[in-house]
Amino acid sequence: MTASQPLPLVSVIVPAYNAAATLAATLRSALAQSHAEIEIIVVDDGSADETARVARAIAAQDPRVTVARQVNAGVAAARNRALAMARGEFVAPLDADDLWHPAKLARQLARIREMPEATMVYCWSADIDADGLISELRSDVARFEGDVMAPLLVANFIDTSSVPLIRREALIAAGGWEEGLHRRNAQGCEDWVLYVRLAAAGPVLLEPAFLVGYRQSATAMSRDTGRMRRSMALVHEEAARRIGRLPRWVQRFSLADFDRYLGDILAESGNPIRAAGYRLRAVLRDPAWLTSRVARRRLKGWLTRSPAYPPVGGGTLHFDAIDADLGRFPEPDRWTRRRWARLAAARLAAAPHRD
């Protein structure tokens with residue numbers, strides 16, 4: 001952007017359901033952005049707590065905040081309600097319990113404006129606990145750009161819905177968030193379905209910095225393993241509609257990664273036997289994963305029931321104090337380089353029906 005160009009308006013859309021405990025901190029992190037040309041649209045999705053009161057109190061203090069309320073219809077419907085109200089050139093979803101680094105929007109805007117055909121730009125996130133302390137900071141973060149369809153189908157490396165900055169016109173062309181998952185009791189992967197649509201429509205960019213604090217909750221929707229499996233199956237159906245038949249090896253790697261994810265959820269939920277079953281199935285589907293550095297870390301964590309990555313600052317560092325440009329990452333190991341190279345070379349969005 002040059003000095004003569006007006007700053008683009010970014011529409012921050014915040015779906016909120018029974019989020020009174022975290023919403024104020026979330027909105028403050030959005031209002032504190034160094035890119036101040038924003039509108040924040042909070043959609044209270046039929047909350048039974050003080051969510052609406054918290055949102056309206058903040059809206060009374062800052063005219064950039066608008067609050068809408070609807071009968072509970074699910075997170076996708078709440079986001080689509082906000083999208084219909086949005087006026088910005090870009091849209092930035094923000095969950096009502098996550099936090100943003102002050103430079104999040106400014107850095108992503110600078111990146112996406114380098115490539116007009118890009119549909120969205122993502123960044124990295126740090127896991128935070130209920131107090132906003134960083135509980136895990138992974139060093140095996142994704143570094144994919146351009147045609148990211150193959151790696152995206154293996155795993156939702158964009159991670160949380162609070163990460164991407166999306167061109168509004170691309171988001172509308174993709175149909176917004178898929179509300180049908182809620183009707184089919186398959187919620188959980190609405191974001192993943194959308195990312196598949198956006199990846200099929202154009203390049204995806206990365207701003208390599210930790211700009212989002214992703215709050216972990218034992219009661220989150222993603223803890224329902226049965227619902228998440230149904231939701232993940234719909235991701236593959238969506239991809240098949242966009243690019244044709246999926247390569248078998250992509251499906252296999254994807255199922256293995258998802259089994260590891262579900263195994264972690266079950267272990268955290270106090271069900272180690274079922275967790276072991278999912279983890280064993282993941283190994284059988286993708287045995288080469290065992291040779292990776294991340295596998296060694298995770299296996300050690302499984303056996304010791306400890307995090308694969310120690311908490312930053314011994315678990316006492318608040319997300320507000322994070323250095324977004326942590327430059328302490330080791331080079332990817334041999335397995336990771338090979339796997340990333342194979343995924344990057346697949347170019348599924350450009351060459352459908354590849355097998």
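None of the figures in this text is laboratory data; all of them are computed from the coordinates on show. Owing to the predicted nature of the structure, the values given are computational and were not obtained by experimental measurement. Glycine gets a Cβ as well: all are built from the backbone with ideal geometry, and neighbour counts include every protein chain shown.
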1/(1 + (r/R0)^6) with r = Cβ-Cβ of TRP335 and ARG245, R0 = 25 Å, i.e. FRET efficiency to nearest 0.05, evaluates to 0.40
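From the helices alone, meaning DSSP H stretches of at least four residues, give me the mean residue ellipticity at 222 nm for the chain, per-run term -39500 (n - 2.57), in deg cm²/dmol to the nearest 500. Present the calculation step by step, with values, prior to reporting the outcome.
On the way: 13 runs with 147 residues, N = 355.
Theoretical 222 nm ellipticity from helices: -12500 deg cm²/dmol.
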Dipole moment magnitude, nearest 20 debye, the chain about Cα centre, only Lys, Arg, Asp, Glu C-beta charged:
1460
Among CYS123, GLY277, THR225, whose Cα sits farthest toward the positive end of the charge dipole of the chain (+1 at Cβ of Lys/Arg, -1 at Cβ of Asp/Glu, about the Cα centre)?
GLY277
Fewest-first ordering of TRP124, TRP302 by Cβ atoms within 10 Å yields TRP302, TRP124
Suppose R0 equals 45 Å. What FRET efficiency, 1/(1 + (r/R0)^6) with r the Cβ-Cβ distance, do GLU114 and THR304 give to the nearest 0.05?
0.55
Relative contact order [Cα under 8 Å, 6+ residues apart], the chain, whole percent
19
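PRO6: net charge of surrounding residues, Cβ under 13 Å, Lys/Arg +1, Asp/Glu -1, itself excluded?
Numbers: positive: ARG113; negative: GLU37, GLU89.
Result for the neighbourhood of PRO6: -1.
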Separation between the ALA233 and ALA276 pseudo-spin-labels, each 7 Å from Cα along Cα→Cβ, expressed in nm?
2.8
Could you give each residue of the stretch 256-263 its phi-based ³J(HN,Hα) in whole Hz, using Karplus coefficients 6.51, -1.76, 1.60 with θ = phi - 60°, and x for Gly or Pro?
5, 5, 5, 5, 4, 4, 5, x
Spacing of the two label points (7 Å from each Cα toward its C-beta) at ARG87 and ALA24, in nm
2.9
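Let me check I've understood the local charge: for LEU23, count other residues with C-beta under 15 angstrom from its C-beta, Lys and Arg +1, Asp and Glu -1. What total comes out?
Working: positive: ARG28, ARG53, ARG56, ARG69, ARG215; negative: ASP44, ASP45, ASP49, GLU50, ASP62, ASP95, ASP97, ASP98.
Residues close to LEU23 contribute a combined charge of -3.
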Positive-end residue, the chain charge dipole about Cα centroid, Cβ charges, pick of ALA48, ILE166, GLY202
GLY202
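Using a Förster radius of 25 Å, what is the FRET efficiency between ALA173 and ALA36 based on their Cβ-Cβ separation? Nearest 0.05, please.
Details: r = 28 Å, r/R0 = 1.11.
Here the calculated transfer efficiency is 0.35.
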Would you please calculate the Kirkwood hydrodynamic radius of the chain over all C-alpha pairs and express it in Å, rounded to one decimal?
20.8
What does the charge add up to near LEU109, with Lys and Arg as +1, Asp and Glu as -1, over the other residues with Cβ less than 14 Å from its Cβ?
+2
